[in-house]
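The values are calculated or read from the model by the stated rules, or taken from the named source; none is laboratory data. Just so it is clear, the model here is predicted, and its values are computed rather than measured. Because the Cβ atoms are built from the backbone with ideal geometry, glycine has one as well, and the counts that use them run over all protein chains shown.
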Amino acid sequence: MKNILAISGSLRQGSSNHAILSYLSSITPDDTNYTIYDDMANIPAFDPGLDTDSPPASVATLRRLLSNTDGVIICTPEYAFGVPGSLKNMLDWLVSSSTLVDKPVALITASLGGEYAHASLLLTLGVLTAKLSDETNLLIQFVRSRIATDGTITDMGTIERLKDLSRIFVANIG
């Protein structure tokens, strides 16, 4: 079995980013475990003094989850032309742990614009030496016009791009 951990950069459960991750879950092959991480709100603000062999429990749990996964999918909005603070904070906790070193990561930025957060995250994930691929990086602009209020993706182009990303990502992990 392949294991994918999906992370939303939005803490809001009804967000477009959660809808995209849920859609990807629905098209994931049966031989793949797909888990959406939902504990980011409980990760404390990054403190280098606490980044030891015994970090806060929520950080230790995240690191363990990442160590036991074959690939990570991040889907995030852009806030004020940048990366949401909670997502950047989470990534800061991973710098010293090496849990993303050579780990396949797909990045989806789904927002009104998104290009600034997307570029910033590519730099951050590069510093963490995550394994990135142009084929599994996707910028979905004007996302609210592509998803209905119930979370259904209504834009066929977006659906096809997500299917391609998922197919390529799953084929390249594990």
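Assorted remarks:
- Subset of region 59-82 (residues that are under 18 Å from Asn137 (Cβ atoms), in contact with a Phe, Trp or Tyr (Cβ under 8 Å, 6 or more places away or on another chain) and crowded, with 17+ Cβ neighbours inside 10 Å): Gly71, Ile73, Glu78
- Of the residues contained in region 62-71, none is found to be in contact with a Lys or Arg (Cβ under 9 Å, 6 or more places away or on another chain), in a helix (DSSP H, G or I), among the hydrophobic types (A, V, I, L, M, F, W, C) and free of Cβ contacts under 8 Å to residues at least 60 places away in the same chain.
- Listed by first and then second residue, the pairs with beta-carbon distance under 6 Å, at least 6 apart or on different chains, first residue in region 90-114 and modelled with pLDDT of 95 or more, second among the aromatic types (Phe, Trp, Tyr), are Asp92/Phe46; Trp93/Phe46; Ala106/Phe169.
- Selected residue (only one of Ala130, Ala60, Ala80, Ala119 is under 13 Å from the mean Cα position of the chain (by Cα) and modelled with pLDDT of 95 or more): Ala130
- Any hit, region 36-56, residues being over 24 Å from Gly126 (Cβ atoms) and under 12 Å from the mean Cα position of the chain (by Cα): yes
- Matching residues in region 72-95 - criterion: being touching a helix residue (DSSP H, G or I) at 6+ places or on another chain (Cβ under 6 Å), under 18 Å from Ile36 (Cα atoms) and part of a helix (DSSP H, G or I): Ser86, Met90, Leu91
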